Amino acid sequence: MSDTMNLRLTAIAYAAQDTHTFEFRRPEGGALPPVEPGAHIDIHLPNGMMRQYSLTTTEGEGDRYIVGIKRDRGSRGGSIYIHDHLKVGQIVKIGGPRNNFPLELAAPHTVLIAGGIGVTPIRCMAQRLIAKGLPFTMYYSCRTRSEAAFLDELSKRPEVTVHFDDEANGKFLDMKAIVASAPTGSHFYCCGPTPMLAAYEAATKDLAPGQMHIEYFTAKEAAATEGGYVIQLQKSGREFAIPEGKTILQVLREAGVDMTYSCEEGVCGACETVVVSGTPDHRDNILTESERQASKTMMICCSGSKSARLVLDL
Ligand code: FES
């Protein structure tokens, strides 16, 4: 499991309909590991669930982490548990922080696109760009105005365009128009519900590699459990046959190999492992297409092997 800290839940605040912010600090006070925009933490819940949530602020917040969480009835239950059971004062195991969605400050212009509670990392990025005086445009879309967290703050900014589906006759943000109207060389970032991410991926498919940034919090592909290959650990020299029905991580854990992992579905990056040789079968949501092709690393919780043998730097 990934390294964790025991932090105290020090505040819960209303942010929008069904959305609260949750603030965590060290029980003894003091600085937390530093974070950059786009970073997330893992919240390990007392009921055994573990969920990732993006931090919503970093500027001058070295002693606390704040996440925005929507009570999502359509989700797998983590957000409902958090809203219904976590209480201020409680100690909660927090993993990370990790950043699979870093902000490229050297871009000539940045376009931020947020859908619903996907605003949490995007707001953090907007804060950083404002603090640095860097040019950006932000689009913030929600189904209704009442569900839009941080609306007062964001709607005051000239860079921000808000869009509410119910005030636009049910129309969604026009992703193609957003991409087409952005200055040349812009970097794009999108966080939101799955249909929005799909529209964003389609609208940005012709951009140069590296200009398009995206973060998923649920798996897009099934884990590779076809088996039929051998994993060799370069440092220890141990070898493991991966049988059908198991992931590499499952086999290594069962053998007592000490591994860092968290989400076990290819979305958090905790299990990223250096590949020495062989051809991984990538199934994660983290590596870019060019990173997949380079195959310098892989997520062993969900990815498998296309070659009969895969040597890992473990
Ligand atoms: Fe999260 Fe593998 S454990 S990506």
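Entry note, the chain: the mean residue ellipticity at 222 nm calculated from DSSP H runs of n ≥ 4, each adding -39500 (n - 2.57), is -5000 deg cm²/dmol after division by the residues and rounding to the nearest 500.
Note on residue 184/residue 59: beta-carbon distance plugged into 1/(1 + (r/R0)^6) with R0 of 25 Å gives a FRET efficiency of 0.30.
Modelled spin-label separation between residue 257 and residue 49, with each label point placed 7 Å from Cα along the Cα-to-Cβ direction: 3.1 nm. For the stretch 232-300, applying the loop criterion from DSSP together with a ceiling of 14 other beta carbons within 10 Å to the GluC sites (Glu not before Pro) yields 244. Our estimate of slack between residue 198 and residue 174, defined as 0.36 nm per intervening residue step minus the Cα-Cα distance, is 7.4 nm. Relative to one another, the C-alpha centroids of the stretch 112-186 and the stretch 73-90 are positioned 26 Å apart. With both labels modelled 7 Å from their Cα along Cα-to-Cβ, the residue 36 to residue 276 distance reads 2.9 nm.
Take the alpha-carbon centre of the stretch 50-72, take the same for the stretch 245-314, and report the distance between them in whole Å. After rounding, the separation between the Cα centres reads 27 Å.
Rounded to the nearest whole angstrom, the semi-axes of the ellipsoid equivalent to the stretch 1-76, taken from the Cα gyration tensor as √(5λ), stand at 20, 16, 12, largest first. Quick one: length gained pulling residue 93 to residue 28 fully straight, 0.36 nm per residue minus the C-alpha distance? Difference between extended and current length: 21.9 nm. The gain in end-to-end length when the residue 84 to residue 156 segment is fully stretched comes to 22.7 nm, 0.36 nm per residue minus the alpha carbon separation. In summary, the chain shows an alpha-carbon radius of gyration equal to 1.04 times the 2.2 N^0.38 Å reference for compact globular proteins.
Comparing the stretch 93-227 with the 2.2 N^0.38 Å rule of thumb, its C-alpha radius of gyration ratio is 1.08 (two decimals). Taking 19 Å as the straight-line reach from the Cα of residue 132, the aspartates and glutamates in range (excluding those fewer than 8 positions away in the same chain) are 36, 59, 61, 104, 153, 159. Annotation: lysines with alpha-carbon distance below 28 angstrom to residue 220 (same-chain offsets under eight excluded): 70, 93, 171, 176, 205, 246, 296, 306.
Across the stretch 24-145 the C-alpha pair distances fall into 10 Å bins from zero in the proportions 12, 40, 34, 13, 1 percent.
Read-outs: derived from the displayed coordinates by stated rules, not from any lab. These numbers were taken from a predicted model, which means no experiment stands behind them. Neighbour counts are summed over all protein chains in view; Cβ atoms, including those assigned to glycine, are modelled from backbone coordinates with ideal geometry.
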